[in-house]
1. Could you grab me the full set of residues in region 43-73 that are among the small types (Gly, Ala, Ser) and modelled with pLDDT of 90 or more?
2. Quick one: in region 1-15, which of the residues that are modelled with pLDDT of 95 or more and not aliphatic (A, V, I, L, M) is farthest from the chain's Cα centre (by Cα)?
3. Of all residues being under 16 Å from the mean Cα position of the chain (by Cα) and open to solvent by 100 Å² or more (accessible area, probe 1.4 Å) in region 116-150, which is modelled with the highest pLDDT? Just the residue, please.
4. Within region 66-112, track down each residue that is under 21 Å from GLY5 (Cα atoms) and of a type in the set (S, T, N, Q).
5. Name the residue that is surrounded by the fewest Cβ atoms within 10 Å (Cβ to Cβ), counting only residues in region 102-115 that are more than 22 Å from PRO64 (Cα to Cα) and not hydrophobic (A, V, I, L, M, F, W, C).
6. For region 16-35, name all the residues that are under 14 Å from the mean Cα position of the chain (by Cα), open to solvent by 10 Å² or more (accessible area, probe 1.4 Å) and not polar (S, T, N, Q).
7. Which of the residues spanning region 74-101 are part of a helix (DSSP H, G or I), open to solvent by less than 60 Å² (accessible area, probe 1.4 Å) and at pLDDT 95 or above?
8. Out of (1) under 19 Å from ALA142 (Cβ atoms); (2) modelled with pLDDT under 90, what's the single condition that is false for ALA26?
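The values are calculated or read from the model by the stated rules, or taken from the named source; none is laboratory data. These numbers were taken from a predicted model, which means no experiment stands behind them. Heads up, the Cβs are rebuilt from the backbone with ideal geometry, glycines too, and the neighbour counts pull from every protein chain shown. All accessible areas refer to the heavy atoms of the entire protein, side chains included, with ligands and DNA or RNA removed. Shrake-Rupley method; radii C 1.70, N 1.55, O 1.52, S 1.80 Å.
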Amino acid sequence: MSEVGKPLVMVGVDGSRNSMDALRWAVEHAASIEGRVHAVMCWEWSRNPLGMGITGLASGMVSPEEMAREKLAEVIQEALGDRPAAPVHPRVVQGSPAHVLVEMSQDARTMVVGTRGYGGFKNALLGSVSQQVVQYAQCTVAVVRASTDS
């Protein structure tokens, strides 16, 4: 079977420990159903999750999109190493994470998110992106709790 015909598992990744746990879970799940994974990282001009300053753009440094690409590659490598159990394809998309993930859910069999990413309140049970994905996604959603180690 070509990879295109394999079940698609999408996972929202922002670099947080929760999203890395979600990425690992998504790969294990995809392997169990002979599927493939799209690891999705979003970026927005109005938000600055990677700490990019205006001076960096003015001096010819990489764009926020390129920074997100590099960060996603680092996160995938750190979370999964060189031989993930299922094919993983990085996808960097401009837009609000909740909106992008909900929109992309129409093409997925499963959407995977962590309980919380970098934003929000530390003691919240679910982050705002996770809540919106659970409410509005058009496929099965798995919310992965962060590991308790470290």
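1. Our first condition is that a residue be among the small types (Gly, Ala, Ser); within region 43-73, this holds for 46, 51, 53, 56, 58-60, 63, 68, 73.
ALA68, ALA73 - these are the residues of region 43-73 that are among the small types (Gly, Ala, Ser) and modelled with pLDDT of 90 or more.
2. Taking region 1-15 as the starting set, the residues that turn out to be modelled with pLDDT of 95 or more are 7-13.
Next cut, not aliphatic (A, V, I, L, M) only: 7, 12.
Details: PRO7: 17, GLY12: 2 Å.
The selected residue is PRO7.
3. The extreme case among them is ARG145.
4. Of all residues in region 66-112, those under 21 Å from GLY5 (Cα atoms) come to 84-91, 101, 103-112.
Those that are under 21 Å from GLY5 (Cα atoms) and of a type in the set (S, T, N, Q): SER105, GLN106, THR110.
5. Filtering first and then ranking leaves GLN106.
6. Hits for region 16-35 are ARG17, MET20, ASP21, ARG24, TRP25.
7. Initial filter on region 74-101 (part of a helix (DSSP H, G or I)): 74-80, 97-101.
Checking which are open to solvent by less than 60 Å² (accessible area, probe 1.4 Å) leaves us with 75-76, 79-80, 97-98, 100-101.
Result: VAL75, ILE76, ALA79, LEU80, VAL100, LEU101.
8. Evaluating ALA26 over (1) under 19 Å from ALA142 (Cβ atoms); (2) modelled with pLDDT under 90 leaves (2) as the failure.
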